Amino acid sequence: MTGVETRSVARDSLFLLADIRVEQNAEAHRVRVRNLSDGGMMGEGQLRVQRGHRVSVELRNIGAVGGTVAWVQDNRFGVAFDEEIDSQKARRPLQAGDSDGLLVNQPSWAHRAPPPPQVSRLRKI
């Protein structure tokens, strides 16, 4: 390797979970998305795919995206999307009004740390 970037499309390193279906299979598999660009992604998981398999990937804030497996190495694989997406949407947090049936985590202030002790009430040893 020369260390020179030869890709024409920028990609974002991230860690997302996505569901993927292989060749119209009804069973969805949960995979990790290691990097994502407008034209494709690298996924990782215990999924048996081969180069050329048609897949449908369900990405957060984007929805189902069709593509083709471009390469496979161990438990990682690359997917070339059929159409470009806005990969930045996948980085955005889910909104409360999203109809995906997914819950949005709201901060809970029920368990706060106790206040710091008053210096005047501390004993010297």
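The values are calculated or read from the model by the stated rules, or taken from the named source; none is laboratory data. Predicted model only: the values in this text are computed from it and were never measured. As a convention, Cβ positions derive from the backbone with ideal geometry for all residues, glycine included, and neighbour counts pool all protein chains shown.
Report whether or not Val33 is of a type in the set (Val, Ile, Thr), closer than 26 Å to Pro93 by Cα and either at pLDDT 95 or above or under 13 Å from the mean Cα position of the chain (by Cα) (or both). Against the criterion (of a type in the set (Val, Ile, Thr), closer than 26 Å to Pro93 by Cα and either at pLDDT 95 or above or under 13 Å from the mean Cα position of the chain (by Cα) (or both)), Val33 qualifies.
Screening Ser13, Ser99, Ser56 for residues that are assigned to a strand (DSSP E or B), modelled with pLDDT under 75 and among the polar types (S, T, N, Q) leaves exactly one candidate, Ser13.
Considering region 16-26, the residues that are at pLDDT below 90 and over 16 Å from the mean Cα position of the chain (by Cα) include one that is surrounded by the fewest Cβ atoms within 10 Å (Cβ to Cβ), namely Ala26.
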